[in-house]
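This report refers to the structure that appears directly beneath it.
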Amino acid sequence: MKKFAFTLSEVLIALVIIGVIAAMTVPSLLVSTSNSEFSSSLKKAISGVNQALMLNVALDNTSAHDYSSADELVSEIFEKRMVVMDGVTSFTTDDCDGKIFTTQDGIIFCITNYTSENSTEKGSVCDFYNTTPCVKEDGPNLWIDVNGARNPNKLTTSSKLPKDIYQAQIYAQRVIPYGNVTQQIFYNDERNW
């Protein structure tokens, strides 16, 4: 009775082929996973800030425009309405020199007094598509490092290769992602701007 089996060379060739396929697909899978992680963390961060702003309006009848500095915003709204951790004294890049705080989930926020053109920026989601309400006055700029002190600690400049730092604009009762790239990531918009 004959028994059929694979030879050692056939098994090794099959393993090499599997290894080459894995080497080609694993890096793109890892990039896709980190892109999804950054995107969902951005949405979580903006949602948390929005909830804090709305809760402050509901409980204290004051909005973000009732405060004149980043220090007041943090102490009067975010430290009261979010679980803010002590110990973070610097932002992960030099992009922000304002008031810094971190939440329990490790997201680092930096608020600075800043004037933007978010409501009139060509291609802005809130202006061009009119899907997000805009207000006339510009509010403080919000920098968000969605994974805290972990690398890459770089500002996102491409929706195809997002990094971990984003910008948003604080208005009276809401936060709006700032700039086309952050808006594309936040709203899952694949259009070329």
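Within the range 157-174, take every residue that is open to solvent by less than 10 Å² (accessible area, probe 1.4 Å) and of a type in the set (Val, Ile, Thr) and give me the one that is modelled with the lowest pLDDT. Steps first, please.
Initially, the range 157-174 is screened for residues open to solvent by less than 10 Å² (accessible area, probe 1.4 Å), giving 164-166, 168-171.
Then keep just the ones that are of a type in the set (Val, Ile, Thr); that gives 165, 170.
Numbers: Ile165: 90, Ile170: 85.
Restricting to residues being open to solvent by less than 10 Å² (accessible area, probe 1.4 Å) and of a type in the set (Val, Ile, Thr), the top hit is Ile170.
Scanning the range 16-34 for residues that are closer than 30 Å to Asn147 by Cβ, surrounded by 10 or more Cβ atoms within 10 Å (Cβ to Cβ) and small (Gly, Ala, Ser), which turns out modelled with the lowest pLDDT?
Looking at residues that are closer than 30 Å to Asn147 by Cβ, surrounded by 10 or more Cβ atoms within 10 Å (Cβ to Cβ) and small (Gly, Ala, Ser), I get Ser32.
Could you list all residues from the range 147-156 that are surrounded by fewer than 16 Cβ atoms within 10 Å (Cβ to Cβ) and touching a residue at least 60 places away in the same chain (Cβ under 8 Å)?
Lys154
Evaluate the following for Ile13: is it of a type in the set (A, V, I, L, M) and open to solvent by less than 70 Å² (accessible area, probe 1.4 Å)?
No; evaluated as a whole, the condition is false for this residue.
The values are calculated or read from the model by the stated rules, or taken from the named source; none is laboratory data. This structure is a prediction, so every number in the text was calculated from the model and none was measured. All Cβ positions, even for glycine, are placed from backbone atoms using ideal geometry, and neighbour counts span all protein chains on display. For accessibility, only protein heavy atoms count, side chains too; no ligands or nucleic acids. Shrake-Rupley method; radii C 1.70, N 1.55, O 1.52, S 1.80 Å.
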